[in-house]
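A short write-up of the structure that comes next.
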Amino acid sequence: TPVVSFAPFAVVGYIGSLVSLDYLGFGLAPPTPSWGQLVQQGMDDVTTAWWLVLTPLAALFFTLLMVTFIGEAVREAFDPKVFSRLR
């Protein structure tokens, strides 16, 4: 079904958009923590404390990767037309 196929990519797009807007300062209100604000705050000291940028970006990367992999696994599990390649 198209909903199951495209849902993980839509979620990844929404998360990426929210992080981008937060990084640019147009996202959530300042007391609300977000990955975009963490990256923006870490960019001030990126030469001396690079891990302040690397940590939220790594968390974002792994979250988006896992959402995509889990979505693909759900799609493959519910797809009656495709059989497992491991047989």
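Every number in this text was worked out from the coordinates using simple rules, so none of it is lab data. Given the structure is predicted, the values throughout are model-derived calculations rather than measurements. Cβ placement follows ideal geometry from the backbone for every residue including glycine, while neighbour counts extend to all protein chains displayed.
Observations
- For the chain, calculated [θ]222 nm from helices alone, where every DSSP H run of n ≥ 4 adds -39500 (n - 2.57): -23500 deg cm²/dmol
- Rel. contact order, % - alpha carbon contacts under 8 angstrom, at least six apart, region 2-78: 35 percent
- With Cα atoms, 0 to 90° folded angle of helix 51-78 axis to the chain main axis: 10 degrees
- Full extension of the segment from Phe6 to Ala73, taken as 0.36 nm per residue of separation minus the current Cα-Cα distance, would add 22.9 nm.
- Candidates per chymotrypsin sites (Phe, Trp or Tyr not before Pro) in region 39-70, loop by DSSP, up to 16 other Cβ within 10 Å: Trp50
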